[in-house]
Every structure is written in C-alpha cells, then in structure tokens.
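The structure appears below as structure tokens.
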Amino acid sequence: MSERVISPAVIKRLPRYYRYLGELIENEVVRISSKELSIKMKVTASQIRQDLNNFGGFGQQGYGYNVQYLYDEIGKILGLDNQQNMIIIGAGNLGQALANYDFSRVGFKVIGIFDANPRLEGLAVRGIEIQMVDELEEFVKSHSVDVATLTVPKKNARPIASKLEELGIRAIWNFAPTDLKVSDDVCVKNVHLDESLMTLSYNLRHRGNEKYSYNSYMND
C-alpha cells in the first residue's frame, strides 16, 4: 500500500504544534483538549483533530491529548528523534550566526563550516574550524552529512547546490537570494529573508485594512 499523501498545509503546521506543546511541557501542563490547543494555535479544534488524524489521532475522547506523548509523537513524525548532521557553506555573518545557534533541540548538529575566504580558514565557531570550500568534497565523502545550509552569494548558490547533489546531499536549507534548480531527489527549503521582511512591511502598511490583510497567512 502506498503511503498516504499529507497536505503541505498540514506539514507546515506540525512544527507549530511541536513548539506549542513544548511550551506546555515547560509550564508542566499534562493534558490538553483540542479546543484549548486551538486557542493557542489560532486554528479550529476541528482542524487540529483533522491534522492529527492523518497520523493516527493520538487523542482520547473525554480526556484530550497527553501533552508529552503528543509532543514526542510529532517529533518522530518530523524526524527529530534521530540526529541529523548539517554543514554550513558560507561563513559570513549569517553563516556564523547559524553555526552559533543550538540546533540540537530539533535534532540537528553542525559538523562542518566552509567558506572561500582564506582569511577565515582555521577560525572556530562553537569549536568547529572553518574549512575552505575546496575541502568540501573530501569532507562529505568521509562524513555522514544529511543537510547542507547555504549562506552564500546568489551567483555561487546554484553551482554549489549542483555540486552538493553530485556528492549525494539530499537536503538543502537555502538562504541565498535565489531559487535553486536541483532534481526532485533533493529536498530544498528556501528561506528568503528579504521576502519575509517585505511581507512584514506590507502587513505594517495595510494594518487594520481587512481587504489587504495578510495576518492570517503569516500566522499559519
């Protein structure tokens, strides 16, 4: 039997469920109903039940959801129960900021940082020395790399993405201001900071005007 196709909108909401459930755990909440969770999530209780039913439901009628159990199960669905190794290509301000972030709580570990600027070679970020990009191929061949993060200039992003695909990397987190052209075998998540900021600017300009409001989409 083929695996059930899950709506992209449902997948997009899963990290939000995970985050809110994590906050509930921090506040020592043991169980929660779909109605109570809907107030925090700003989606309907029916939508929550439909989303979770895609993966088995997890709730009990008259009880609601066990917060810790649901948190753990969504973590498994998201693949967070296994550590995934990540490299960062581009050790400028953004690359170093990402390297300094603790991704371990969502199952990722930065194991390598690369750049083309020889002045950065050997500098360490959180104990990881920056290597030159021409060492990338040897590193990937000798290490298990699950995800490559790109924080490089636009002109360099596509050639590097093609090289990563040749090396067998199957997931790219792209911060370069361009959409990558890779095969369907490679998962790409584009993070366009300028577009996000422009959306925020739009929302600020049209604040209070329901005709042009984009708030509901921003909060999904």
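The values are calculated or read from the model by the stated rules, or taken from the named source; none is laboratory data. For clarity, every value in this text was computed on a predicted model and none was experimentally measured. FYI the Cβ positions are ideal-geometry reconstructions off the backbone, even for glycines, and counts take in every protein chain you see. Each accessible area value is taken on the protein alone, full model and side chains, heavy atoms only, with ligands, DNA and RNA left out. Shrake-Rupley method; radii C 1.70, N 1.55, O 1.52, S 1.80 Å.
Would you check if there is a residue in segment 168-175 being of a type outside the set (Gly, Ala, Ser), at pLDDT 90 or above, touching a Phe, Trp or Tyr at 6+ places or on another chain (Cβ under 8 Å) and under 20 Å from ILE88 (Cβ atoms)?
no
Quick check on segment 111-133. Is at least one of its residues touching a residue at least 12 places away in the same chain (Cβ under 8 Å), in contact with a Phe, Trp or Tyr (Cβ under 6 Å, 6 or more places away or on another chain), of a type outside the set (Val, Ile, Thr) and over 23 Å from ASN82 (Cβ atoms)?
Yes, that holds for at least one residue.
Any residue in segment 39-66 that is within 16 Å of VAL29 (Cβ to Cβ) sitting within a Cβ distance under 8 Å of a residue that is open to solvent by 70 Å² or more (accessible area, probe 1.4 Å) and not in a loop (DSSP other than H, G, I, E, B)? List the pairs, counting only those 6 or more apart or interchain.
From residues that are within 16 Å of VAL29 (Cβ to Cβ), the pairs are PHE58/TYR69; GLY59/ARG49; TYR63/ARG31; GLY64/ARG31; GLY64/GLU36; TYR65/ARG31; ASN66/ARG31.
Quick one: would you say ASN85 is touching a residue at least 60 places away in the same chain (Cβ under 8 Å) and surrounded by fewer than 16 Cβ atoms within 10 Å (Cβ to Cβ)?
Spelling it out, ASN85 is indeed touching a residue at least 60 places away in the same chain (Cβ under 8 Å) and surrounded by fewer than 16 Cβ atoms within 10 Å (Cβ to Cβ).
Taking only pairs six or more apart or across chains, which ones have beta-carbon atoms under 8 Å, a first residue in segment 22-37 that is over 17 Å from ASP51 (Cβ atoms) and open to solvent by 50 Å² or more (accessible area, probe 1.4 Å), and a second residue that is at pLDDT 90 or above and charged (D, E, K, R)?
Every condition considered, no pair remains.
Here's a check for you: in segment 142-178, which residue that is over 21 Å from SER196 (Cβ atoms) and among the β-branched types (Val, Ile, Thr) is least open to solvent (accessible area, probe 1.4 Å)?
Taking the candidates together, the pick is ILE169.
All but one of (1) touching a Leu at 6+ places or on another chain (Cβ under 6 Å); (2) within 27 Å of ILE128 (Cα to Cα) hold for ILE87; state the number of the condition that does not hold.
Failing condition for ILE87: (1).
Among the residues of segment 38-59, what is the count of those that are open to solvent by 90 Å² or more (accessible area, probe 1.4 Å) and either out of contact with any Ser or Thr (no Cβ under 8 Å at 6 or more places or on another chain) or under 14 Å from ILE77 (Cα atoms) (or both)?
The total comes to 4.
Just to verify a result, which residue in segment 1-21, among those that are open to solvent by 70 Å² or more (accessible area, probe 1.4 Å) and part of a loop (DSSP other than H, G, I, E, B), is modelled with the highest pLDDT?
VAL5
For segment 179-214, which positions are modelled with pLDDT under 80 and either in contact with a helix residue (DSSP H, G or I) (Cβ under 6 Å, 6 or more places away or on another chain) or surrounded by 11 or more Cβ atoms within 10 Å (Cβ to Cβ) (or both)?
Correct list: TYR212, SER213, TYR214.
Any idea which of (1) among the small types (Gly, Ala, Ser); (2) in contact (Cβ under 8 Å) with a residue 40 or more places away in the chain; (3) within 25 Å of ASN93 (Cβ to Cβ) is the one SER144 doesn't satisfy?
With respect to (1) among the small types (Gly, Ala, Ser); (2) in contact (Cβ under 8 Å) with a residue 40 or more places away in the chain; (3) within 25 Å of ASN93 (Cβ to Cβ), SER144 is out only on (3).
List the helices (runs of 4 or more DSSP H) that sit entirely inside segment 66-164 and contain at least 1 residues that are within 15 Å of the chain's Cα centre (by Cα).
67-77, 93-100
Please list, ordered by first then second residue, the pairs with beta carbon atoms under 8 Å, 6 or more apart or interchain, first in segment 161-175 and free of Cβ contacts under 8 Å to residues at least 60 places away in the same chain, second polar (S, T, N, Q) and surrounded by fewer than 18 Cβ atoms within 10 Å (Cβ to Cβ).
GLU165/SER183; ASN174/ASN190
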